[in-house]
Amino acid sequence: KTPLKFIAFVSRPHLVFAVGAVLVATLAQVNQGIYPYIMMRMVDAFVGDGNLNEQIAEFTYWSIWLFVMTGVGMLFWRLSGFIGMEWITRAMRTSYLTLYDYIRGHSHSYFSNNFAGALSNKISNAAGGVDDMLERILWGWYPEAIKLIVSVALLILVDLYITFGFLIMFVIVVAVNWYLVKKRRPHVVAFSAASSKFRGEGVDWLTNISA
């Protein structure tokens with residue numbers, strides 16, 4: 001199975017925390033994406049030829065909104081961190097239990113042909129990968145995707161030609177990175193396998209010496 005399918009599997013028992021973390025992270029990022037619009041309105045308040053008192057009032061109005069949205073955004077990010085860590089911690093625990101149960105189901109010959117240290121190291125890598133991947137998704141890739149959607153929506157309101165050019169550039173960047181990731185993946189898998197074998201044999205070697 002792929003890493004994302006495994007993450008979905010170990011997250012299934014903790015769906016409430018997973019949905020809550022994603023929802024709060026979405027609200028936090030959408031809230032943050034509105035900042036440029038508010039600051040634009042603050043600048044526009046003094047660009048026009050209106051009455052000075054009206055300009056000051058409008059600037060003050062949008063300044064208050066910026067202050068409120070900043071506080072709300074901080075609250076959302078803090079809440080996202082709390083719920084997200086609950087999700088990640090519980091998913092890691094489920095991944096360890098699932099993998100150890102899977103290993104225990106093998107025959108005696110399987111353990112005779114594989115170093116115990118290597119097997120333990122592979123389980124640690126897989127469970128640790130759940131932690132790393134979920135953190136990257138929840139507070140890295142997912143917020144960037146939300147930021148992209150909000151940015152495109154704001155660009156559409158400004159100029160369609162700029163939006164079209166931005167989308168073309170984005171598609172090119174994604175295509176190039178996708179190609180590079182596919183080329184890199186076999187090397188990453190080979191490195192992980194070699195690393196697990198080397199460290200596992202080292203642990204077994206030291207264990208045999210101490211015994």
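Answer rounded, prolate or oblate for the stretch 134-176, using the Cα gyration tensor with square roots of eigenvalues a ≥ b ≥ c: rounded when a/c is under 1.5, else prolate when a/b is larger than b/c, else oblate.
Numbers: a/c = 5.88, a/b = 1.59, b/c = 3.69.
It is oblate, given that a/c is not under 1.5 and a/b is not larger than b/c.
Within 10 Å, count the other beta carbons around each residue, average over each peptide in 133-139, 61-67, and list them highest first. Each step should come with its number before you reach the end.
Working: 133-139: 17.4, 61-67: 14.1.
Packing order, densest peptide first, comes out as 133-139, 61-67.
Please give, to one decimal in nm, the separation of the simple spin-label points placed at M39 and V171, each 7 Å out from Cα toward the Cβ.
That separation, rounded to one decimal, is 3.0 nm.
Using each residue's phi in the stretch 162-171, evaluate 6.51 cos²θ - 1.76 cosθ + 1.60 at θ = phi - 60° and report the 3J(HN,Hα) Karplus result to the nearest Hz, with x for Gly and Pro.
Once θ is set to phi - 60°, the couplings for the stretch 162-171 become 5, 4, 4, x, 5, 5, 4, 4, 5, 4 Hz.
Evaluate the distance, in nm, between pseudo-label points positioned 7 Å from the Cα of W178 and of I103 along their respective Cα→Cβ axes.
A separation of 3.7 nm, rounded to one decimal place.
None of the figures in this text is laboratory data; all of them are computed from the coordinates on show. This structure is a prediction, so every number in the text was calculated from the model and none was measured. Reconstructed Cβ throughout: ideal geometry from the backbone, glycine too, with neighbour counts over all protein chains shown.
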